[in-house]
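The structure appears right after this line, and notes come after that.
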Amino acid sequence: MKGLRIYLPFTVNEIKRQMSYKGAFYLFILISTFGSFVSYFLWSAIYGSSPQAVLGGLSRSEMTVYIFMVYVTSAIVNISISDWVSEDVVKGTVAMQLIKPMDYRLSLIARATGVMAYQFVLPSVFIWIGLEVYKYFVLGLGFTALANIGLYLLSSLMSFLIFVLFDFCVGMIAFFTNYIFGLLMVKEALLSFLTGQLIPLSFFPAAVQRIFDFLPFSSMIYTPVMIYLGKYRGGELAWVLLRQLIWVLLLYGLGSLIWRRVTKRLVVLGG
Amino acid sequence: MIEVKHIRKEFVTPKKYPGLKGAIKGLFRREKVRKVAVDDISFTIEDGEIVGYIGSNGAGKSTTIKMMTGILRPTSGEILVNGIDPAKNRKENAAKIGVVFGQRTQLWWDLPLSESFTILREIYDVPREDYESRMAFLNEVLGLQEFFDSPVRTLSLGQRMRADLGAALLHNPKVLYLDEPTIGLDIVVKDNIRKAIRRINREHNTTVILTTHDMGDIEELCSRIIIIDEGRKIYDGTPEHLRDTYGSHRMVRAEVSRPLSGDLWALLQVEPQACIADYDPQRKLVEIRFDKNRLHVPQILHGLMQLTEVSDVHIIETDLAEIVKQIYTHGASEGRA
């Protein structure tokens, strides 16, 4: 634990840094909530014009919860550390990280934790509370069970780890190509699709879903949100959580492997 | 003690072709270009030495420093810093060294300087009492308190460099690597930085390795210099020895009333190239370059006074910069051949 303590300042600092760029942050909230409402009205129209009440295993009310819980979840999971890696590589500042007696990946994850903590408070918790109130009084579904909330939080934490560990591997590509901005755009687009951020994965054909089972993406956002909705029970629930844990371990190992290769052929740009 | 044994570093980069056509060609062809940045360099540095590591731009100085700090891994050869291989045990090595890259900063750009020091205290696990006394020392030597609460991005270059030096010294490192620590600084700040480096070296017996293009840094700080060119070591010794070996010429500059009435070399009975006199009619100056192993200043002055009327005399010592310039140009042409 003493080993991890030295990374705490990175977390604290990231929170401070986030607070010093408030304007940009509120703009981000505004744009992303706007996106959620667009998607809410879109799905309302789809449900309104469909003869069936349940689409892809979700009722209209459940879809509302899905959309806003995706928003809450991605705010605390989707923290792009590959942006930081690519910045460090392009500007050559990675040298300044490597002269410190610390693990580069852990320092990045510590920073990401800072962002996560900040975004969890602002705005996730408020949206979440708002959603619960709406769910109780308007949708008449009652509050979500505490057990589901607890499992959701556990699952989200693993989602966060899966995301940042995966994103670290993506960021490593910057060491080979020196520039990955285009690639990061592609990553964003692909992830919004594959993680279930745009469309619940249950809408995909069964064969495609089977492929998704072997990829880490569904574990990033879809899994915790479905847990929140209480869609998994008993053995299935244990399996999706275990699968998340396996992905955490696998991606951790993969990242270590790539990092070892990268440090062997590292080129520091500029001077 | 730092031991560097036969290190070599090659960079492999894909070949770039010129122009748009070339860029398209580059998409399909992947020819690799191998560039040797450091070629078989060895040296040993004892504790408490201040060593100047110099060479022209792109000679491989920074690459060597990066290998010694564990950022880069040598293609072949071995480095031991107090018994630790920095490439294999980067973190263990990093805890015991301080590094300043003059063109970069290790401080947190968006936060007040004080925050950076708090973070570094945690990272290097400096006990609180040590931190207090260390900060008192750094404040005294570098004057950090003036801007301790300002965000790093608002600091001037001189302030930032002092702050970076302070940050590198917070954990009392055994070895301090300085990559161009005085780049772009004014004379007063340069002088302060040099004084600080000297004091730290004296009081804590810190080994200092610095690269620089400023010969003033070398003359004021270094007891030893290593010169590299095109990745190879071409000199390792004291600055005085360098001056004795390479700077065999001295110069006398005299203000005179009229041109010399004869050849000085003939009068002094040496061959023409051992004593070259140039007359500048506009400024009425005579510059005499002479071989200091053959002739002495009194002889020159004596001869000069026989040939003209002298009103003032300056004796100019060949400065290190001049010698180093000669070595760089000489070394480079040798490498090309």
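Going highest first, how would you order B:269-278, A:10-19 by mean Cβ packing within 10 Å?
On the way: B:269-278: 14.0, A:10-19: 17.6.
In decreasing order of mean packing, B:269-278, A:10-19 become A:10-19, B:269-278.
Quick check: at a probe of 1.4 Å, how many percent of the accessible area of chain B sits on carbon and sulfur atoms? Could the numbers behind the result be given before it?
Details: 8210 of 16420 Å².
Here carbon and sulfur together make up 50 percent of the probe-accessible area.
Looking at A:7, A:86, A:75, which one has the Cα that reaches farthest to the positive end of the dipole of chain A (charges on Cβ: Lys, Arg +1; Asp, Glu -1)?
A:7
Using alpha carbons only, how many degrees (0 to 90, rounded to 10) separate the axis of helix A:81-91 from the longest principal axis of chain A?
30
Working out 0.36 nm times the residue gap between residue B:274 and residue B:186, then minus their Cα-Cα distance, what length gain in nm do you get to one decimal? Working shown, then result.
Numbers: separation 88, 0.36 × 88 = 31.68 nm, distance 3.87 nm.
Contour length minus Cα-Cα distance gives 27.8 nm.
Considering every residue in B:73-82, what mean count of other chain Cβ atoms within 10 Å of its Cβ is obtained? Intermediate results must be reported in sequence, preceding the final value.
Working: counts 4, 0, 2, 0, 0, 0, 0, 0, 0, 0.
Per residue, the average neighbour count from other chains is 1.
Short version: ³J(HN,Hα) in whole Hz for each residue of the stretch B:31-46, in order, from phi by Karplus 6.51 cos²θ - 1.76 cosθ + 1.60 (θ = phi - 60°), x for Gly and Pro, what are they?
3J(HN,Hα) across the stretch B:31-46, in whole Hz: 8, 9, 10, 9, 10, 8, 8, 10, 10, 6, 9, 9, 6, 10, 10, 7.
Just how far, in whole angstrom, is the stretch A:121-156 from the stretch B:260-318 if you go by their alpha carbon centroids?
When both Cα centres are located, 94 Å separates them.
Order A:91-97, B:240-246, A:61-67 from most to least packed using the mean count of other Cβ atoms within 10 Å. It would help to have the intermediate numbers written out before the result.
On the way: A:91-97: 18.7, B:240-246: 14.3, A:61-67: 21.0.
Those peptides, ordered most packed to least, come out A:61-67, A:91-97, B:240-246.
Please get the size of the charge dipole for the protein assembly as shown, origin at its Cα centre, with Cβ charges of +1 on Lys and Arg and -1 on Asp and Glu, quoted in debye to the nearest 20. Don't skip to the end; give the middle numbers.
Working: 67 positive and 60 negative charges, 504 e Å.
Result for the protein assembly as shown is approximately 2420 debye, rounded to the nearest 20.
Quick one: compute the contact order of the stretch A:14-137, relative version, from alpha carbon pairs under 8 angstrom and 6+ residues apart, as a percent. Numbers along the way, then the final one.
On the way: 66 pairs, mean separation 45.2, N = 124.
Over the stretch A:14-137, the number comes to 36 percent.
Between residue B:235 and residues 5 or more places away or on another chain, which pairs have amide H atoms under 5 Å apart, with H built 1.01 Å from N, and which residues are they?
B:227
What ratio of Cα Rg to 2.2 N^0.38 Å holds for chain A?
Output field value: 1.06.
Quickly work out the residue B:294-to-residue A:264 label distance, labels modelled 7 Å from Cα along the C-beta direction, and quote it in nm with one decimal.
With each label placed 7 Å out from Cα toward Cβ, I get 5.9 nm.
What translational diffusion coefficient, to the nearest whole µm²/s, does chain B have by Stokes-Einstein, given a Kirkwood radius computed over alpha-carbon pairs, a temperature of 25 °C and 0.890 mPa s viscosity?
Values: Rh = 23.2 Å.
Calculated translational D: 106 µm²/s.
Taking only the alpha carbons of the stretch B:153-264, what extent do you get along each of the three principal axes, in Å, biggest first?
66, 34, 31
Please list 3J(HN,Hα) in residue order for the stretch A:214-219, calculated via the Karplus relation 6.51 cos²θ - 1.76 cosθ + 1.60 where θ = phi - 60°; whole Hz, with x for glycine and proline.
With coefficients 6.51, -1.76 and 1.60, one gets 9, 10, x, 5, 5, 6 Hz.
What's the extension gain from residue A:193 to residue A:147 if we count 0.36 nm per residue and subtract their Cα-Cα distance?
Values: separation 46, 0.36 × 46 = 16.56 nm, distance 2.85 nm.
Difference between extended and current length: 13.7 nm.
Using only helices, what value at 222 nm comes out for chain B when you add -39,500 (n - 2.57) per DSSP H run of length 4 or more and divide by the total residues, to the nearest 500 deg cm²/dmol?
Values: 12 runs with 127 residues, N = 337.
It comes out at -11500 deg cm²/dmol, rounded to the nearest 500.
Just want to confirm a number: the relative contact order over chain B, from Cα pairs under 8 angstrom separated by 6+ residues, in percent.
Values: 586 pairs, mean separation 59.6, N = 337.
Relative contact order comes out at 18 percent.
Which chymotrypsin sites (Phe, Trp or Tyr not before Pro) does the stretch A:100-206 hold that lie in a coil by DSSP with at most 13 other beta carbons within 10 Å? Spell out each step's value before the answer.
Details: sites: A:104, A:118, A:120, A:126, A:128, A:134, A:136, A:137, A:143, A:152, A:160, A:163, A:166, A:168, A:175, A:176, A:179, A:181, A:193, A:203; in loops: A:143, A:179.
Passing both the DSSP loop test and the Cβ count: A:143, A:179.
Amide H of residue A:266 versus every other amide H placed in the peptide plane: which residues, excluding those fewer than 5 positions away on the same chain, fall under 5 Å?
Sorted by chain and number, the residues that satisfy this are B:73.
Which angle from 0 to 90°, rounded to the nearest 10, does the C-alpha axis of helix B:320-336 make with the longest principal axis of chain B?
The angle comes out at about 80 degrees.
Using a 10 Å cut-off on Cβ to Cβ distances, tally the other chain neighbours for every residue of B:88-94 and report the average as a whole number.
3
Remind me, relative contact order of the stretch A:2-265 in percent, using alpha carbon pairs under 8 angstrom and six or more residues apart?
Working: 254 pairs, mean separation 67.6, N = 264.
Dividing the mean separation by the residue count of the stretch A:2-265 yields 26 percent.
Short version: ³J(HN,Hα) in whole Hz for each residue of the stretch B:280-296, in order, from phi by Karplus 6.51 cos²θ - 1.76 cosθ + 1.60 (θ = phi - 60°), x for Gly and Pro, what are they?
10, x, 5, 9, 6, 10, 10, 10, 10, 9, 9, 6, 6, 7, 9, 10, 10
For the stretch A:79-162, max minus min Cα coordinate along each principal axis, in Å, sorted largest first?
Computed over the stretch A:79-162, the largest-to-smallest principal extents equal 56, 21, 16 Å.
Farthest toward the dipole's positive end in the protein assembly as shown, which of A:198, B:310, B:290, given Cβ charges of +1 (Lys, Arg) and -1 (Asp, Glu) about the Cα centre?
It is A:198, whose Cα lies furthest towards the positive end.
Sort the following peptides by mean Cβ neighbour count (other Cβ atoms within 10 Å, averaged over residues), highest first: B:117-129, A:222-234. All intermediate terms of the calculation are to be shown ahead of the outcome.
Working: B:117-129: 16.5, A:222-234: 20.7.
Answer by packing, highest mean first, reads A:222-234, B:117-129.
Tell me the mean residue ellipticity at 222 nm calculated for chain A from its helices only (DSSP H runs of n ≥ 4, each -39500 (n - 2.57), averaged over every residue, nearest 500).
Values: 13 runs with 198 residues, N = 271.
Dividing the helical sum by the residues of chain A leaves -24000 deg cm²/dmol.
Tell me which GluC sites (Glu not before Pro) from the stretch B:1-110 have a DSSP coil assignment and no more than 13 other beta carbons within 10 Å of their own. It would help to have the intermediate numbers written out before the result.
Values: sites: B:3, B:10, B:31, B:46, B:49, B:78, B:92; in loops: B:31, B:46, B:49.
Passing sites in the stretch B:1-110 are B:31, B:46.
Note the angle between two axes, namely the Cα long axis of helix A:146-177 and the longest principal axis of the Cα atoms of chain A, as a number of degrees from 0 to 90, rounded to the nearest 10.
Computed tilt is about 40 degrees.
Given bins 20 angstrom wide, list per bin the percent of all Cα-Cα distances in the protein assembly as shown, short to long.
16, 38, 28, 12, 5, 1
Counting only heavy atoms of protein chains, what accessible area per residue, in Å², does chain B have with a probe of 1.4 Å? Let's see the in-between values first.
Working: 16420 Å² over 337 residues.
Spelled out: the 1.4 Å probe surface of chain B, per residue, equals 49 Å².
Please compute, for peptide B:234-246, the average count of beta-carbon atoms on other protein chains lying within 10 Å of each residue's beta-carbon. Present the calculation step by step, with values, prior to reporting the outcome.
On the way: counts 0, 0, 0, 0, 0, 0, 0, 0, 0, 0, 0, 0, 0.
Average neighbour count from other chains, rounded to a whole number: 0.
The values are calculated or read from the model by the stated rules, or taken from the named source; none is laboratory data. Given the structure is predicted, the values throughout are model-derived calculations rather than measurements. Note that we place each Cβ from the backbone using ideal geometry, even for glycine, and neighbour counts take in every protein chain shown. Side chains are part of the model used for accessible areas, which takes the heavy atoms of the whole protein and leaves out ligands, DNA and RNA. Shrake-Rupley method; radii C 1.70, N 1.55, O 1.52, S 1.80 Å.
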